[in-house]
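Student: This structure is in structure tokens; I'll ask about it shortly.
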Amino acid sequence: MPSQKTYTVEEAKKRIERYCAYQERCHKEVQQKLRDMKMIPEAINLITAHLIEENYLNETRFAKAFARGKFNTKKWGKQRIVRELKVRAIGQYNIKIALKEIPEDAYLQTFEALAEKRLQQLTSEININKKKKKLADYLFYRGWEPELVWGKVRQLS
């Protein structure tokens, strides 16, 4: 069994700085990475404080980038984004700020485009109720709000 490499606080600090510079990270990810590096709790707190002071780690910036990214690339709705941010231990204040990154008109346009695209994929489904259920399940999984989803489903009659 290969031995686990050990790091000094300075080595760990440099490594984690690169880790954070590569892409936005949340506190939870960074602390897990440090635990994986077998750092002791005191060192983890010291390094986390250093990263925050040096602006490598910024929860608000992470939340905003996360919300923009997941909306633009994965077409996630606000509910899914909120759920995923909560899993990453992001506070309610930062979640609110992050959701403001998504323009309302772009949000609704994306929803319509996603729903239409999914409907095109469901052309082979003959049973209208099954078609409605598949569309609703797909949109809910992506985290879109119930009023939007049910409004779209009601249009299929």
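Student: For segment 1-152, what value does the Rg/Rh ratio take when both radii are computed over Cα atoms and Rh is the Kirkwood radius, given to two decimals?
Tutor: Using Cα coordinates only, the ratio equals 1.14.
Student: Could you sort out which of K13/K75; K70/K117; K38/K96; K13/K78; K96/K132; K70/K131 sit more than 24 Å apart by Cα distance in this structure?
Tutor: Where the Cα-Cα span goes over 24 Å, the pairs concerned are K13/K75; K38/K96; K13/K78; K96/K132; K70/K131.
Student: Of I97, I126, I47, which is the most mobile in a GNM of the chain whose springs link Cα atoms less than 10 angstrom apart?
Tutor: Highest fluctuation of the listed residues: I126.
Student: For segment 26-61, list residues with backbone N below 14 Å from a point placed 7 Å from the Cα of E17 toward its Cβ?
Tutor: Inside the label zone: 47-57.
Student: Right, here's the next one. How much length, in nm to one decimal, is gained on full extension between E53 and V87, taken as 0.36 nm per residue of separation minus their Cα-Cα distance?
Tutor: This chain segment gains 9.8 nm when fully extended.
Student: Among I52, I128, I44, I95, what is the fewest-to-most ranking by other Cβ atoms within 10 Å?
Tutor: Starting with the residue having the fewest Cβ neighbours, the order is I128, I52, I95, I44.
Student: Would you calculate the separation in nanometres between label points at T123 and E101, each defined as 7 Å from the Cα along the Cα-to-beta-carbon direction?
Tutor: Taking the two extended label points, one gets 3.7 nm.
Student: Among F111, F140, what is the fewest-to-most ranking by other Cβ atoms within 10 Å?
Tutor: F140, F111
Student: Next question. Given a Förster distance of 35 angstrom, what is the FRET efficiency for N45 paired with K75, based on the Cβ-Cβ distance and rounded to 0.05?
Tutor: My answer for the efficiency is 0.40.
Student: Please compute the length gained on full extension between L108 and V153, using 0.36 nm multiplied by the number of residues separating them and subtracting their Cα-Cα distance.
Tutor: 14.7 nm
Readers should treat all values here as calculations from the given coordinates under stated rules, not as data from a laboratory. Everything quoted here is computed from the prediction, not taken from an experiment. With ideal geometry, Cβ positions are generated from the backbone for all residues, glycine too; neighbour counts draw on all protein chains shown.
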